[in-house]
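A.B. asks: Take a look at this one; I'll ask things after.
The values are calculated or read from the model by the stated rules, or taken from the named source; none is laboratory data. Everything numeric in this text was worked out from a predicted model, so none of it was measured. Heads up, the Cβs are rebuilt from the backbone with ideal geometry, glycines too, and the neighbour counts pull from every protein chain shown. Accessible surface areas use protein heavy atoms only, side chains included; no ligands, DNA or RNA. Shrake-Rupley method; radii C 1.70, N 1.55, O 1.52, S 1.80 Å.
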Amino acid sequence: MSRSIGRYVVELLIANGIDTVFGIPGVHNLELYRGLAASNMRHVLVRHEQGAGFAADGFARLSGRPAAAFTISGPGLTNILTAAAQAYSDSVPLLVVATTPVRASLGKQWGVLHELHDQAALAAGVFGVARTAATAEDVRDHLRTCLASLRTGRPRPAYLEIPLDVLSETTDLPALRFADPAPLPQAQPPQVEAAARMLAQAARPVIVAGGGAREAAAELRRLAEALECPVVMTAAGKGLLPENHASNLGTSLHHEAVQSLVSDADVVMAVGTELGETDFYYALKLPLRGRLIRIDVDPNKLADQYGAELALWADARSALEAIHRALPRTASSRSGWSGKNGGAPGMRRQIEGGFDAKARSQWSALNAIRAALPEDGVVFTDMTQIAYFGNYAFPVDAPRRWFHPSGYGTLGFALPAALGAKISSPLRAVMAPAGDFGRQFTLGELMTAVESELALPVVVWNNSALGQIRDDMIAAKIPPTGVIARNPDFVALALACGAAATRARNAEELTLAIRKALDHRGPTLIEAVATDF
Ligand SMILES: Cc1ncc(C[n+]2csc(CCOP(=O)(O)OP(=O)(O)O)c2C)c(N)n1
Ligand SMILES: [Mg+2]
């Protein structure tokens, strides 16, 4: 059956399990929309391409299923790059299909519409895989590569660009389902045994677990219980152990007491984590004195700046399970390690005892959010002080419940990511807190949530400032400059968008407002003034 390549792209995506696309049409991608119109693919019209990228990211973070974003050439691509970079740094599968001006003009600077000096090079600097298709066969082969890259090993965002003139050519190629990509790498028995020996003989082992261990919560728990050792998580790994588990140090690597525990450990096992700066703030490298075991699907992480003594190129689940099975049956000779400083619960009490008044007011708001959500409720956060604190203080008992734009750290993530997540999983309670400044980055997507009738509580944590930056300036003895922004009347603005809106003046009001918002057909903006808490 002969049809345009634009239609063929949509058929291929559907044949390969992508059922939702976020995007904005333009004269440079009309043929993709001919394909969409003829298909049962869900298209969500966003208000800015960055919103399309974040929404597809949130869709995948919560559901584990990739979604696509369609953009035009030039500004469509430049607008979505921030979201692609966020997805890259947080290992989220995201497929972007963009167009380019006609082939004859590429690289020649004729001044055609949406021209970029070198669009392919720009994308190549941000995505994990970036390809340009010149024929229908290219579309098929590049999409096969892009989709495999989302599903194999460490997921990264993938990019396919199709020049305008190619998009409207026709093809008879069938829209086939591609073969499933290869399974994840498995640890080899000698390394598994070496890891089990190192851990069993350690006097002070510690496990650091990241987002790469998200599918291995049960295996991690069994191993931590057998070793009776503390486990500390990164923000991406938050929830890997239930909040009150005896080994759970929570997402606390940025606390000095936990950093010194980890640097005093004689064996550190890091599983599914980069051990990057944003996992522990503020050092480029975690100071480790013990022997290091790394488990990662990304081979680059096994030989990075840490120089692991033992490197297992493996998926977290199979590796943790195999190490647990290989542990010697005899009890370890460790004495008092899990009980040092009262064990993990004692250490957490110590951390929490040091919280100041500002932290306590944020804690009260976080607990109000927690109380409003069902057990499996989901929070998508932004770059705001309440979220930095919540990375540690918001209690969750399972992974994929609390999401933060950790690695790239961009403002504007929470609302569009939450709306994408809600679309992926309509039965889950999803909500999105952000700061008063960050909220304004992607506030246009409130209209997308209104249009899609998404029950979405959108909390503005309003401290009338770029709070973190103001505090950083004060700490650095810089007179606060450019850190107070005039805010809109958030409630009136949301009402004007057709959303519901209210103010919450204390923790009880916040809980009630979120509960009500979860039952409302459409988003509800809830303004919480920080000084009221
Ligand atoms: C795209 C982008 N630009 C700038 C920053 C730097 N930045 C980090 S936090 C912040 C202030 C955000 O203010 P607000 O959203 O009100 O949160 P608060 O710190 O007050 O809680 C800024 C400007 C960033 N992270 N991302
Ligand atoms: Mg603020």
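A.B. asks: Evaluate the distance, in nm, between pseudo-label points positioned 7 Å from the Cα of residue 512 and of residue 453 along their respective Cα→Cβ axes.
C.D. replies: Taking the simple label geometry, residue 512 and residue 453 are separated by 2.8 nm.
A.B. asks: For the chain, give the magnitude of the charge dipole about the Cα centre (Cβ charges: +1 Lys/Arg, -1 Asp/Glu; no others), in debye to the nearest 20.
C.D. replies: Computed charge dipole of the chain: roughly 780 debye.
A.B. asks: Residue farthest toward the positive end of the dipole of the chain, with Cβ of Lys/Arg at +1 and Asp/Glu at -1: which of 54, 1, 463?
C.D. replies: It is 463.
A.B. asks: In degrees, nearest 10, range 0 to 90: what is the angle between the Cα axis of helix 414-424 and the longest Cα principal axis of the chain?
C.D. replies: Compared with the principal axis, the helix lies near 80 degrees.
A.B. asks: Amide H to amide H under 5 Å from residue 204: which residues, 5+ apart in sequence or cross-chain, H placed 1.01 Å off N in plane?
C.D. replies: Amide H neighbours of residue 204: 266, 267.
A.B. asks: Can I ask one more? Hand me the trypsin sites (Lys or Arg not before Pro) from the range 99-148 located in a DSSP loop with no more than 10 other Cβ atoms within 10 Å, in residue order please.
C.D. replies: Values: sites: 103, 108, 131, 140, 144; in loops: 108.
Those that pass, being in a loop and sparsely packed, are 108.
A.B. asks: Let me check something: with ligands and nucleic acids excluded, how do 284, 495 order by accessible area (1.4 Å probe), largest to smallest?
C.D. replies: Numbers: 284 140, 495 95 Å².
So, going from the largest accessible area down, we get 284, 495.
A.B. asks: I've got another one for you. So if we plug the beta-carbon distance of residue 371 and residue 152 into 1/(1 + (r/R0)^6) with R0 = 56 Å, what FRET efficiency do we get, rounded to 0.05?
C.D. replies: 0.90
A.B. asks: Taking 0.36 nm per residue of separation and subtracting the Cα-Cα distance, what length does fully extending residue 144 through residue 38 add?
C.D. replies: 35.9 nm
A.B. asks: Further question on the same structure: With a 1.4 Å probe and all protein chains kept in place, how much accessible area does residue 503 have, in Å² rounded to the nearest 10?
C.D. replies: Accessible area of residue 503: about 90 Å².
A.B. asks: Same structure again: Compare 214, 348 by solvent-accessible area with a 1.4 Å probe and give them largest first, with all protein chains kept in place.
C.D. replies: In descending accessible area the options line up as 214, 348.
A.B. asks: When all protein chains stay in place, what accessible area (Å², nearest 10, 1.4 Å probe) is found for residue 515?
C.D. replies: Accessible area of residue 515: about 110 Å².
A.B. asks: For residue 358 and residue 218 in one chain, what is 0.36 nm times their gap in residues minus the Cα-Cα distance, to one decimal in nm? Mind showing how you got there, number by number?
C.D. replies: On the way: separation 140, 0.36 × 140 = 50.40 nm, distance 3.52 nm.
So the chain would gain 46.9 nm between residue 358 and residue 218.
A.B. asks: Follow-up question, since we're still on this one. What list of ³J(HN,Hα) couplings, whole Hz, do you get for the range 52-62 from phi and the Karplus terms 6.51, -1.76, 1.60, once you set θ to phi - 60° and write x for glycine and proline?
C.D. replies: With the stated coefficients, the range 52-62 comes to 4, x, 5, 5, 5, 5, x, 4, 6, 4, 7 Hz.
A.B. asks: Could you work out how far helix 343-353 tilts from the main Cα principal axis of the chain, as a 0 to 90 degree angle to the nearest 10?
C.D. replies: On a 0 to 90 degree scale, this one is about 70.
A.B. asks: Quick one: which residues, 5+ away or cross-chain, put their amide H under 5 Å from the amide H of residue 159? H built at 1.01 Å from N.
C.D. replies: Hits under the 5 Å cutoff: 96, 129, 130, 131.
A.B. asks: Another question about this same structure. How high is the relative contact order of the chain, in percent, with contacts defined as C-alpha pairs under 8 Å that are six or more residues apart?
C.D. replies: About 13 percent, as a whole number.
A.B. asks: Non-local amide H neighbours of residue 250 (under 5 Å, H modeled in plane, Pro and chain starts lacking H): which ones?
C.D. replies: Answer set, sorted by chain and number: 233.
A.B. asks: Multiply the residue gap between residue 27 and residue 263 by 0.36 nm, knock off their C-alpha separation, and tell me the result in nm, one decimal place.
C.D. replies: Length gained between residue 27 and residue 263: 79.3 nm.
A.B. asks: Moving on to the next point. Tell me the angle of helix 189-201 to the major Cα principal axis of the chain, expressed in degrees between 0 and 90 and rounded to the nearest ten.
C.D. replies: Tilt relative to the chain: about 40 degrees.
A.B. asks: Now for a separate question. Given R₀ = 41 Å, what would the calculated FRET efficiency be for residue 300 paired with residue 486, taking r from the Cβ atoms and rounding to 0.05?
C.D. replies: Efficiency for this residue pair is about 0.35.
A.B. asks: Taking the Cα centre of the range 106-170 as origin, sum charge times position over the Cβ atoms of Lys and Arg (+1) and Asp and Glu (-1), and report the length of that vector in debye to the nearest 20.
C.D. replies: Its charge dipole is roughly 440 debye.
A.B. asks: Would you kindly find the accessible area of residue 497, with a 1.4 Å probe and non-protein molecules such as ligands, DNA and RNA excluded, rounding to the nearest 10 Å²?
C.D. replies: For residue 497, the solvent-accessible surface is approximately 30 Å².
A.B. asks: So, one more: Could you give the distance between the Cα centres of the range 1-67 and the range 110-132, to the whole Å?
C.D. replies: For the range 1-67 versus the range 110-132, the Cα centre distance is 19 Å.
A.B. asks: Straight-line reach only, C-alpha to C-alpha below 30 angstrom: list the lysines that residue 422 could link to, leaving out same-chain residues fewer than 8 apart.
C.D. replies: Leaving aside lysines fewer than 8 places away in the same chain, those within reach of residue 422 are 238, 516.
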